[in-house]
Amino acid sequence: ADELSLQLKWVTQAQFAGYYVAADKGFYEEEDLDVTIKPGGPDIAPVQVLLGGGADVMVDWLPSALAARENGAPIVNIAQPFKSSGLMLTCLKESGIESPEDFPGHTLGTWFFGNELPLYSWMSKLGYPTDGSEGGVTIQKINFNVDPLLQKQVDCATTMTYNEYWQVIDAGLTPDDLVVFKYEDEGISTLEDGLYTTEENLEDPEMVDKLTRFVRASMKGWKYAEENPDEAADIVLENDATGAQTEKHQKRMMGEIAKLTAGSNGALDPADFERTVEVLMSAGAAPVITKDPGDAAWTHEITDEALD
Amino acid sequence: MWIVLGILAWAGGWALNVWLAGRARSRATALAVPVIFGLTLIFVWEAAVRGFGISPVLLPPPSAIVAEMGTSSHILWEDFVQTVIKGALTGFVIGCAAALGTAIVVDRFDFLRRGLLPVGNFVAALPIIGIAPILVMWFGFDWQSKAAVVVVMVFFPMLVNTVEGLRDTSAMQRDLMRTYAAGYWTTLLKLRLPAAMPFIFNGLKLATTLALIGAIVAEFFGSPIRGMGFRISTSVGLLALDLVWAEIVVAAIAGSAFYGGVALLEKAVTFWHPSQRGQG
Amino acid sequence: MRERGTDRASHNKREHGTMTGSAIIDARDVSLTFQTNDGPVHALRDVNLQVEKGDFVSFIGPSGCGKTTFLRVMADLEQPTGGDIHVNGVSPEEARRQRAYGYVFQAAGLYPWRTIGGNIRLPLEIMGYDRSVQAQRVKEVLELVDLAGFEKKYPWQLSGGMQQRASIARALAFEADILLMDEPFGALDEIVRDHLNEQLLALWARTQKTICFVTHSIPEAVYLSTKIVVMSPRPGRITDVIESPLPKERPLDIRDTPEFLEIAHRVREGLRAGHAYD
Amino acid sequence: MRERGTDRASHNKREHGTMTGSAIIDARDVSLTFQTNDGPVHALRDVNLQVEKGDFVSFIGPSGCGKTTFLRVMADLEQPTGGDIHVNGVSPEEARRQRAYGYVFQAAGLYPWRTIGGNIRLPLEIMGYDRSVQAQRVKEVLELVDLAGFEKKYPWQLSGGMQQRASIARALAFEADILLMDEPFGALDEIVRDHLNEQLLALWARTQKTICFVTHSIPEAVYLSTKIVVMSPRPGRITDVIESPLPKERPLDIRDTPEFLEIAHRVREGLRAGHAYD
Amino acid sequence: MAPMRNILPVLTVIAAIVVIWYGAAVWLNAQWVLDTAARQDREVGAAELVMETWSQDKPQLPAPHQVVTELWQTTVEKNITSKRSLVYHAWVTLSATLAGFGLGTALGFALAVGIVYMRVMDMSVMPWVIASQTIPILAIAPMIIVVLNAMGLSGLLPKAMISMYLSFFPVVVGMVKGLRAPSRMQLDQMRTWNASKTQEFFKLRLPSSMPYFFTSLKIAMAASLVGAIVGELPTGAVAGLGARLLAGSYYGQTIQIWSALFMAAAVAAAMVGLIGFVQRLTLKRMGMN
Ligand SMILES: Nc1ncnc2c1ncn2[C@@H]1O[C@H](COP(=O)(O)OP(=O)(O)OP(=O)(O)O)[C@@H](O)[C@H]1O
Ligand SMILES: Nc1ncnc2c1ncn2[C@@H]1O[C@H](COP(=O)(O)OP(=O)(O)OP(=O)(O)O)[C@@H](O)[C@H]1O
Ligand SMILES: Cc1ncc(C[n+]2csc(CCO)c2C)c(N)n1
Ligand SMILES: [Mg+2]
Ligand SMILES: [Mg+2]
């Protein structure tokens, strides 16, 4: 079998169920592939792993992928299993926020690494300064958990529909205590989990063939996971080496993830790409991308072949 | 081509140093030798990056880092103030002062010494990366939590060194004080603190490197949107490695300068100790 | 540990001591046992000694016989495990608090972070002397031990003999009634030693201090003392106490007189008895 | 630094030296200046000395006059800044490589992690003696210095005087032609000192070693030596070299003979000349 | 040397810490209890408040018994090969720690010997060794891992390398001091016996450096553990105490974080204790104590 390794953007969880299912159900084997899945984490930049040769393909979000590309990393999107964005801003109702008009004077916590850009671009659309000055908001970098929100260090925090939001709920708050703003609804959504590889790999026909088979099997895994969420969650749990995940949480996550993958057959929709670029470039202050990356940043070559 | 150049530079630099070190020891050679060594290292790095065609998102060449330091100097300065001046320095001062005070109390009451030091050693073994998030949770995002992390990090090395130093007087030196019927405080001031100075400086020197690392690492776990740790962690995510390395260079320079300053102070204060006199 | 009056000689001496009321140091049946891993070490056993005010007492005896230990007991640096000792009629501790002692240790023990002047000034600072008095005293004692001009040097810049003299100066700088000196002239050559012996005698005559002095040199002991205490080891005890008939005024050439040689002979015999050879 | 033959006496001695071809140590115009922060210290200037094979040479002089420094120059532990020195006809370095020296340092300097036996065995191990020879030698020298039975003890379990004896034993354990001893009997009392003096003389008579011996005691120097070198300080120079007329066979009471006292007197005068006091 | 004498003071201090800890737990967690109660329109009495602060799922500061319970459950009650067993994770970290410790000690030792015997190294290397330690390891650890990965090294070794990076420093510093500990006189003695450099090293410098050596080893061991944990973060939260800390932090599982922390400290204490034991044995055999 041909060996192929996949670098994830985050730790093993239902967010990546499609790949684990494909491996577990033998979809990769059917394509004569031997796939190694490497979990990620906050200290792992998948692009570095990819360029360093530690992986052949990676899961990444378009904003950080484009930022890397502008910094000289020749990476290309080859498939996009996630159609919609799961990012949202979750606010405490007690802070008095009910609609975007209420933001001024509050502290909004966001993840960085490129995830802050949609928020900046939203604020600039709303006309709020982000330097904490009068009539504006304060942007605070928070880590990948919800503690700052629970401890009221911030009034709003970025969360994923499938993960952090439920952690807030698990902590004892009810949906009634919260107000959420989905990026998808606010017109600032960016493309999330896509599959990327290097330009060099795409010039190698053998590799292209492998990737094609990989994408095909992965999409099969995704569709299987959508249809059998509980089984998919179990498979994910099986593969969690930290032993820190819980069944309840993963099953719920799988349900939410299915909503995000639903609209995609695996091929990138160029309109989504354009929208993401536009959001990123209108972020004001310190944009991570300064020029339109153009169509070189994605290709349909693989998906066309895989999904024909 | 670049690889050959790198090897040549390495050999040349080392030979030059061997020659310099063989000559009489002077201020100039003492300075020149490490500088030449460092320059050689940097050149070899540059040559390797170019020679092997290493991607700049993995390891940028020194020339790119220097260029970045020029263009982002205002960012670097802002981060330096936030992390080094506000976080590391405050924490260093508070932590060392607290440790010194505690050491004196612990030394006064033997019961405390025997109880606190073993427990202290255990607590000191708690990894910083575990403590930092907790302290950020307690002290907020700004520099106060960084200072707190630094305090925790420098406290025990400093405490242990000071306690050891306060006990490092010879029986005869103490007996002399007894024959003068000198009280506890007099003995502390005139005998034990001076005698403890070499140990205290050992602790201080250790604390300088710990303070800087602590302040930067703590920023990984939450910070306002400035600071060296913040910049490093976010820039890695965006693969702006020039900036990351520029920050690292600033950290290394600041750390070495800090260490050097304390070492100079040590030389001035403990000029009498054999380890200082030996190098003349 | 404590064994009482089994020994005739010590019993006699004790009675003698009781009669002289003015004894400035009055040790009765003093014993001291160190507990070590190898078992107890009897450093002193049933030591009885009376020293009058103004006495110059030399202690002589083989290495390890307890000379240093006895000095330490007097200065309250060591607690006897048996017997009683009184200094100036009070306990050694009380006397120490009254700052009765000037102690010259067997090794110089100067503080390396202070200059020679600073080292000599140290006890004066602690005892709260005036600044001007301090400077005056430092100058005086430095001259006394021939170290004028070395005030600003650090201890390690001096040779071993000079360091020893500085430590003597330190003990002389303040007004202690009792000087305890443990082999102070050990590392000095004969000429310097003679010179310092003279100086010490002059100082003693002038100030009426009481001096307890440990030495390995028989002539030195005889030349300096009004009372020579000969000790023997394991357990450390006093084997002989010789009252010197020599006059207080002692030129160096007194050392060639028959009286002197006779006392020296008696000391040597006492010392020899404490040794294993023949 | 180097200053040549300006001094009549040294010039004479040099000629004298040239005539005796067998000099085992032959120092000509040796000078040594230490460069310190305060400026140069002239530790030795124009030292001329010839030592014949089998000589017992004592060095005596005030503290800091350069005795230790001269011993160190002989042993190639210090490089002279002027003049020439030959040992056995070769340079000190060469002689050192041939393991010509047994050196007893001013302080005992035993290795704390080795037992007394182990310390004495150390040079034997380094020089590659057989195991059985090693054991034999250790036993012999321990007896020589009266430390039989202490082979297994560690240095800190011994008193200062015993440590000093162990360090003497260490220098005697291997076959060095030249023994360099720097105040070896400093911390010992008179009786032990006399005893060891006798032992040392016996050893010297038996083995025909050449011995260079530093001491502060005039009687000791006179009693032991065939040649007494008197030195004076700043800069360190040799002021007198006294060839002893005493016979090789020396009982302890030779110290009361007129010849002995005369030599002692001459040494004392020489020594006094090097001092500041009258 | 007499641990027995220390037990009472240690227990007293621990008791004091536990009391303060419980107090702090009430203080830090009370806000949350009050907020929850307010949302549920519920009144809490003082006793109730205290009890609830000590039994939250995700407290700001877990109470001691919560940590102890978690430790018990994840060590004793789990099969040690299970991924949910803290013993398993501790072992993963420990193996990287030991490998890094070994490498670091060897490197540090070699550098120290070079510095002591070669003047060039003394003058050129030392300042850079110090500078190297001012670099925040957490920042470059991911890059080291990636680069090593690119070179085909993965698994234990990259973690061990980071561990080594942190642990060689105390060994260099301590051993340079230790190898230079012999006095001038001791070195001169060796010279008069015409000892070779090797003999001088093994018979004098090495034995004199032993106390420094062991002290350095203790510090290096603690540093190695930190290195191994730091190295675990960017290998992808797979296994080990570092991964455990990380996972705990994503999901706000403070109890899990604290128990991983304590496990790490216990491992460090055990290893340092072991070195101390070897130290006492060695020094005793060398007649020094
Ligand atoms: N702290 C101690 N612990 C155990 N034994 C001790 C201690 N101090 C002294 N000794 C022992 O007590 C005895 C007397 O020692 P002391 O120092 O009084 O001798 P000394 O007469 O002063 O000898 P020296 O002439 O060598 O100075 C010795 O056998 C010594 O080993
Ligand atoms: N390493 C050194 N650096 C500078 N000066 C030195 C050094 N060694 C010795 N001296 C100086 O050289 C002079 C001679 O010293 P040396 O040790 O030879 O004296 P000594 O005759 O052995 O005295 P003592 O009787 O005290 O042992 C002294 O003034 C001393 O201060
Ligand atoms: C560079 C980069 N690193 C991490 C994340 C965060 N992230 C990616 S997936 C995921 C799972 C959420 O449950 C999280 C937190 C990011 N957005 N960008
Ligand atoms: Mg004594
Ligand atoms: Mg000398």
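The values are calculated or read from the model by the stated rules, or taken from the named source; none is laboratory data. In this text, all values refer to a predicted model and were calculated from it rather than measured experimentally. Cβ placement follows ideal geometry from the backbone for every residue including glycine, while neighbour counts extend to all protein chains displayed. Surface accessibility is based on the protein's heavy atoms, side chains included, excluding ligands, DNA and RNA. Shrake-Rupley method; radii C 1.70, N 1.55, O 1.52, S 1.80 Å.
Listed values, structure above:
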{"quantity": "Filter on B:Lys267/E:Lys203; A:Lys25/A:Lys259; B:Lys267/C:Lys139; A:Lys25/A:Lys223 - keep pairs with C-alpha separation over 24 Å", "calculated": "B:Lys267/E:Lys203; B:Lys267/C:Lys139"}
{"quantity": "Counting DSSP beta bridges with both ends in chain C, the antiparallel % (nearest 5)", "calculated": "55"}
{"quantity": "Whole-angstrom gap from the stretch D:23-95 to the stretch B:117-177, using each part's C-alpha centre", "calculated": "53"}
{"quantity": "Accessible area buried at the E-B interface, both sides summed, 1.4 Å probe (Å², nearest 100)", "calculated": "4400"}
{"quantity": "Per residue value of the accessible surface for the stretch E:86-286 (all protein chains in place, 1.4 Å probe), Å²", "calculated": "33"}
{"quantity": "Reachable aspartates and glutamates, given that their alpha-carbon falls under 17 Å from the alpha-carbon of C:Lys67 and they are not under 8 places away in the same chain", "calculated": "B:Asp175, C:Asp26, C:Asp29, C:Asp46, C:Asp76, C:Glu78, C:Asp182, C:Glu183, C:Glu220, C:Asp240, D:Asp189, D:Glu190"}
{"quantity": "FRET efficiency, 1/(1 + (r/R0)^6) with R0 56 Å, evaluated for B:Ala263 and C:Arg97 via beta carbons", "calculated": "0.85"}
{"quantity": "Square roots of five times the Cα gyration tensor eigenvalues for the protein assembly as shown, Å", "calculated": "78, 37, 27"}
{"quantity": "Percent of Cα-Cα distances greater than 22 Å, calculated over the stretch B:125-259", "calculated": "52"}
{"quantity": "Relative contact order (percent, whole number), chain C, Cα cutoff 8 Å, 6+ residue spacing", "calculated": "23"}
{"quantity": "Dipole of the stretch D:112-175, positive direction: furthest Cα of D:Phe150, D:Ala171, D:Ser132, with charges on the beta-carbon", "calculated": "D:Phe150"}
{"quantity": "Theoretical gain in end-to-end length, E:Gln31 to E:Ser196 [0.36 nm per residue, Cα-Cα removed]", "calculated": "52.2 nm"}
{"quantity": "Where a label projected 7 Å from the Cα of E:Trp72 along Cα→Cβ would reach, residues of the stretch E:257-289 with amide N under 16 Å", "calculated": "E:259"}
{"quantity": "Alpha-carbon gyration tensor eigenvalues x 5, square-rooted, for the stretch D:218-278, Å", "calculated": "23, 12, 8"}
{"quantity": "Candidates E:Ala222, E:Ala139, E:Ala38: whichever shows maximal mean-square fluctuation once chain E is modelled as a Gaussian network with Cα springs under 10 Å", "calculated": "E:Ala38"}
{"quantity": "Inter-part distance where the stretch D:110-150 and the stretch E:237-263 are each reduced to a Cα centre, Å", "calculated": "59"}
{"quantity": "Spacing of the two label points (7 Å from each Cα toward its C-beta) at D:Thr257 and B:Val123, in nm", "calculated": "7.8"}
{"quantity": "Kirkwood-type radius of the stretch E:6-61, with distances r between different C-alpha atoms, in Å", "calculated": "12.4"}
{"quantity": "Taking N as its residue count, the alpha carbon Rg of the stretch B:1-52 over 2.2 N^0.38 Å", "calculated": "1.25"}
{"quantity": "Where Cα atoms sit under 29 Å apart: lysine pairs in the stretch A:95-220 separated by 8 or more or lying on different chains", "calculated": "8"}
{"quantity": "Chain B: radius of gyration over Cα atoms, expressed as a fraction of 2.2 N^0.38 Å", "calculated": "1.23"}
{"quantity": "Inter-centroid distance (Cα atoms) of the stretch A:228-257 relative to the stretch B:202-280, Å", "calculated": "43"}
{"quantity": "Tail beyond 37 Å, pair distance distribution of chain A (Cα, percent)", "calculated": "14"}
{"quantity": "Using a 7 Å Cα-to-Cβ projection, C:Glu249 label spacings across copies, nm, ascending", "calculated": "4.9"}
{"quantity": "Chain C: most fluctuating residue of C:Asp76, C:Asp194, C:Asp130 per GNM, C-alpha cutoff 10 Å", "calculated": "C:Asp130"}
{"quantity": "Relative contact order, percent, chain E [alpha-carbon distance under 8 Å, six or more residues apart]", "calculated": "22"}
{"quantity": "Over the stretch D:155-242: Kirkwood hydrodynamic radius from C-alpha pairwise inverse distances, Å", "calculated": "14.3"}
{"quantity": "Helix-derived mean residue ellipticity, 222 nm - over the protein assembly as shown, DSSP H n ≥ 4, -39500 (n - 2.57), to 500", "calculated": "-17500 deg cm²/dmol"}
{"quantity": "Convex hull of Cα atoms in the stretch E:86-286, direction-averaged projection (nm²)", "calculated": "13.0"}
{"quantity": "Computed label-point distance, nm, for sites D:Ala273 and A:Gln151 using a 7 Å Cα→Cβ extension", "calculated": "8.6"}
{"quantity": "Selection from E:Thr36, E:Thr53, E:Ile17 lying farthest towards where the dipole of the stretch E:6-61 points positive, charges on Cβ", "calculated": "E:Ile17"}
{"quantity": "Theoretical FRET efficiency, 1/(1+(r/R0)^6), r = Cβ-Cβ of B:His74 and D:Gln157, R0 60 Å, to 0.05", "calculated": "0.30"}
{"quantity": "Sequence-separation-based contact order of chain A, relative, with Cα cut under 8 Å and 6+ spacing, percent", "calculated": "31"}
{"quantity": "Isolated Cys residues of the protein assembly as shown, judged by Cβ distance under 4.7 Å to other cysteines", "calculated": "B:Cys96, C:Cys65, C:Cys212, D:Cys65, D:Cys212"}
{"quantity": "Kyte-Doolittle mean at least 0.5 and Cα axial length at least 30 Å: DSSP H helices in chain E", "calculated": "E:3-39, E:86-117, E:156-179, E:206-232, E:254-285"}
{"quantity": "Over 18 Å between alpha carbons, listed pairs D:Lys209/E:Lys197; D:Lys209/D:Lys248; A:Lys251/E:Lys58", "calculated": "D:Lys209/E:Lys197; A:Lys251/E:Lys58"}
{"quantity": "Shape of the stretch A:115-177, Cα gyration tensor, a/c cut at 1.5", "calculated": "prolate"}
{"quantity": "Average projection area in nm² (convex hull over Cα atoms of chain D, one quarter of hull surface)", "calculated": "15.9"}
{"quantity": "FRET efficiency, 1/(1 + (r/R0)^6) with R0 22 Å, evaluated for B:Phe109 and E:Val19 via beta carbons", "calculated": "0.75"}
{"quantity": "Protein accessible area in the stretch D:112-175, 1.4 Å probe - carbon and sulfur %", "calculated": "48"}
